[in-house]
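Asker: I am attaching a structure below and will ask some questions about it afterwards.
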Amino acid sequence: MKNFVLYSSSEIPHKISKEEFEKYTKNQFPFKQNYGGKICYYATCPECENPIQIRGLYTSERKYGAHTGKNIIGFNPFNYENYIYCPRAVKGKHVKKEERKEITTKKDIAVYNTVRDNFDLAVAFAKKHLGYYISDKKAKECLKNYYASQGWLYPHSTVNNIPFMLFYLQSAINPYGLWIRKGSELEKAILKVKDLKLEVIVGNKYYNKLLPNSSRYMWLTMMLWHHQFKEDEDGHLHESINIEISKDMGKKVDMQEWQTLVEKQIPIPELEFVKFISSKTLCRNKALQDYAHTLMPPI
């Protein structure tokens, strides 16, 4: 990996470089330790909060962080479950969206508290990147479902992917009349499909309305699925989910046969949400803030 945090995934991540490491750690314990007669440099993974060792910091052009696989004095205890589900784990595993961890860790608490304190910002970030409008009413419904299903314990949840997991962990919806953001990648994908059309919303500069391109009734469904992640050889994380829009081709009311119309991969920007919520110039939605604080008690 190419970034580190000191202790928590809710911190702004720093680039792994000699200058950044020295600036934020001061080369003090526990970040610099003598281990078996050798000087080693440590920090924390920005995704799973396990300790990482910084390799090649002063000896190589290729500087990177690697999970230690063991406890390091001064850092969070190494948690194997968090490690195997970490998007940056070399030998990680993928699980279904219905899966939940049984034991809550500091990483999970960080995800929970970030949702609770920044729910309105997560919704704003999701609107921008998913490409469709999310009303306050719909956002509240999603948070209610997220809380009821303990979404923060989905094994692949991280602070950075919160805006996407909030909606990924929901059931499929009927996208009839959904507002699609102009110029978005989702809009471009929809415009290629003959069975769908986008209708102008009078007075709205930012969105068009999604409708079936047919005079006959068409049953549509939309879901977010296929959460993928992999760190490349240069230490950059490639994470995404897919938006799928389908129509029912079945001839019986109680037996659906879904045909995919749109399949669009949505990239999850690497470590960008953490930076977004740390910005000092953001406008806040008090109604969504209050709802999250009322629904979710502090833990």
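The values are calculated or read from the model by the stated rules, or taken from the named source; none is laboratory data. These numbers come from a predicted model, not from an experiment. Neighbour counts run over all protein chains shown; Cβ positions are idealised from the backbone, glycine included.
Asker: Pull out all pairs, ordered by first then second residue, where Cβ-Cβ is under 7 Å, the residues are six or more apart or on different chains, the first lies in region 251-273 and is at positive phi, and the second is not in a strand (DSSP E or B).
Answerer: Partner pairs satisfying both residue conditions: Leu271/Pro13; Leu271/Pro46; Leu271/Asn160.
Asker: From the list Glu61, Glu11, Glu19, Glu49, pick out the single residue that is out of contact with any helix residue (DSSP H, G or I) (no Cβ under 8 Å at 6 or more places or on another chain), at pLDDT 95 or above and not assigned by TED's automatic domain parsing to the domain that holds Asp232.
Answerer: On inspection, the qualifying residue turns out to be Glu19.
Asker: Output the qualifying pairs, or none if there are none: Cβ atoms under 8 angstrom, residues six or more apart or on different chains, first residue in region 119-147 and within 13 Å of Phe164 (Cβ to Cβ) and in contact (Cβ under 8 Å) with a residue 12 or more places away in the chain, second residue in a helix (DSSP H, G or I) and among the basic types (Lys, Arg).
Answerer: Ile134/Lys127
Asker: If a residue must be under 24 Å from His236 (Cβ atoms), of a type in the set (D, E, K, R) and outside any strand (DSSP E or B), how many such residues does region 28-81 contain?
Answerer: 5
Asker: Let me ask another. All but one of (1) in contact with a Lys or Arg (Cβ under 9 Å, 6 or more places away or on another chain); (2) outside any strand (DSSP E or B) hold for Gly250; state the number of the condition that does not hold.
Answerer: (1) is the only condition that Gly250 fails.
Asker: Just name the residue that is nearest to Leu130 (Cα to Cα) out of those in region 165-194 that are part of a loop (DSSP other than H, G, I, E, B) and among the charged types (D, E, K, R).
Answerer: Filtering first and then ranking leaves Lys182.
Asker: Does Asn208 count as surrounded by 13 or more Cβ atoms within 10 Å (Cβ to Cβ), among the polar types (S, T, N, Q), farther than 30 Å from Glu61 by Cα and in contact (Cβ under 8 Å) with a residue 60 or more places away in the chain?
Answerer: no
Asker: Would you be able to say whether some residue in region 234-253 is of a type in the set (D, E, K, R), surrounded by 15 or more Cβ atoms within 10 Å (Cβ to Cβ) and under 16 Å from the mean Cα position of the chain (by Cα)?
Answerer: yes
Asker: Sticking with this structure for a sec: Hey, does region 195-212 have a residue that's touching a strand residue (DSSP E or B) at 6+ places or on another chain (Cβ under 7 Å), in a loop (DSSP other than H, G, I, E, B), within 20 Å of Gln259 (Cβ to Cβ) and outside the structural domain of Ser9 (by TED's automatic domain parsing)?
Answerer: yes
Asker: Also, quick follow-up: Across region 265-296, which residue is nearest to the chain's Cα centre (by Cα) among those that are closer than 21 Å to Ser184 by Cβ and among the β-branched types (Val, Ile, Thr)?
Answerer: Ile268
Asker: Just to be sure I understand, how many residues within region 1-47 are of a type in the set (A, V, I, L, M, F, W, C) and in contact with an Asp or Glu (Cβ under 9 Å, 6 or more places away or on another chain)?
Answerer: Number of matching residues: 3.
Asker: Could I ask something else about it? Just to check your reading of the model, which residue among Ile84, Ile54 is of a type in the set (Val, Ile, Thr) and within 21 Å of Ile268 (Cα to Cα)?
Answerer: Only one candidate passes the filter, namely Ile84.
Asker: Let me ask you something else. Against the conditions (1) at pLDDT 95 or above; (2) part of a loop (DSSP other than H, G, I, E, B), where does Met222 fall short? Just the number, please.
Answerer: (2)
Asker: If you check every pair at least six apart or on different chains, which have Cβ atoms under 8 Å apart with a residue in region 284-295 that is closer than 13 Å to Leu121 by Cα and at pLDDT below 95 first and a residue that is aliphatic (A, V, I, L, M) and in a helix (DSSP H, G or I) second?
Answerer: These pairs meet every condition: Arg284/Leu121.
Asker: Oh, and also: Do we find that Val159 is touching a residue at least 24 places away in the same chain (Cβ under 8 Å), touching a helix residue (DSSP H, G or I) at 6+ places or on another chain (Cβ under 7 Å) and not in a helix (DSSP H, G or I) in this structure?
Answerer: yes
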